[in-house]
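The values are calculated or read from the model by the stated rules, or taken from the named source; none is laboratory data. Since this is a predicted model, take the numbers as computed values, not measurements. For neighbour counting, all protein chains shown are included, and Cβ atoms are generated from backbone atoms with ideal geometry for every residue, glycine included.
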Amino acid sequence: MEPRAEIRRRTRLSPEARRDQLMECAVEVFSRRGIGRAGHAEIAEQAKVSVATVFNYFNTREDLVDEVLTEIEAFVQQILEQAYNGQGSARESIHRHVKLFVDAAYDKPDHASIWLEWSSSVREEVWPRYTRLLDKALERIAPHLQRAIDNGEIQSVLSAQDLARSLTGFGYVMMQMINQPQRPSREEVTDFLFKYVTAPIQAS
């Protein structure tokens with residue numbers, strides 16, 4: 001039987017399908033090699049295409065990094081939109097937030113790994129963009145929590161802004177837990193993280 005990679009290499013894809021394939025491979029490579037080291041050659045090898053083909057879709061390394069980070073931004077923003085959609089209590093929204101990120105870390109580990117690396121990469125070329133993503137996350141979460149505080153649903157020793165910030169920072173603990181040699185279930189990770197992030201909150 002002909003190897004699947006050979007079939008994929010020779011398959012003639014539409015420009016849209018080829019771009020999707022190259023982006024999928026780029027995310028895999030960036031997760032494995034890191035934002036600062038991944039390049040066109042590794043993506044070409046992963047996709048079983050020529051390096052020229054990758055350059056045809058991503059003209060420079062800057063374009064390549066930009067497209068991958070755009071993919072990660074959409075990944076994070078989609079989770080937050082689902083979590084804070086206005087349905088249910090603040091604690092239910094927080095639980096959705098935690099569960100959706102844990103599920104994503106299990107189901108889309110490459111996206112989660114790039115997001116985590118990006119959140120600690122203070123290099124000038126990528127850090128300002130991450131801080132803008134963080135600001136958007138805080139703008140989505142903090143008002144939701146502030147309403148819950150104002151209407152007496154919850155009480156906290158932290159302000160709504162500080163609570164929101166704590167909810168954008170549990171990824172490190174999450175990835176440490178998930179990448180243990182004996183991986184815990186996603187339910188165990190979700191349960192622990194929910195208790196972890198809601199520790200400063202008391203129900204009124």
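Whenever a residue of the range 160-189 is surrounded by fewer than 16 Cβ atoms within 10 Å (Cβ to Cβ), it has no partner that is charged (D, E, K, R) lying with C-beta atoms less than 6 angstrom away and at least six residues away or across chains.
Considering the range 144-155, the residues that are without any contact (Cβ under 8 Å) to a residue 60 or more places away in the chain and crowded, with 18+ Cβ neighbours inside 10 Å include one that is nearest to residue 193 (Cα to Cα), namely 145. Among the residues of the range 118-143, those that are among the basic types (Lys, Arg), closer than 18 Å to residue 70 by Cα, part of a helix (DSSP H, G or I) and touching a residue at least 12 places away in the same chain (Cβ under 8 Å) comprise 129, 136. Test residue 119 against the criterion of being polar (S, T, N, Q), within 30 Å of residue 25 (Cβ to Cβ) and in the same structural domain as residue 79 (by TED's automatic domain parsing), and give yes or no. For residue 119, the condition - polar (S, T, N, Q), within 30 Å of residue 25 (Cβ to Cβ) and in the same structural domain as residue 79 (by TED's automatic domain parsing) - is met. Within the range 25-43, one or more residues are in contact with a Cys (Cβ under 6 Å, 6 or more places away or on another chain) and buried (at least 19 other Cβ atoms within 10 Å of the Cβ). When you look at residue 38, is it more than 18 Å from residue 128 (Cα to Cα) and outside any helix (DSSP H, G or I), yes or no? Against the criterion (more than 18 Å from residue 128 (Cα to Cα) and outside any helix (DSSP H, G or I)), residue 38 qualifies. Restrict the check to the range 105-115 and report whether at least one residue is in contact with a Leu (Cβ under 7 Å, 6 or more places away or on another chain) and of a type outside the set (Ser, Thr, Tyr). Within the range 105-115 (the criterion being in contact with a Leu (Cβ under 7 Å, 6 or more places away or on another chain) and of a type outside the set (Ser, Thr, Tyr)), the answer is no, since none of the residues qualifies.
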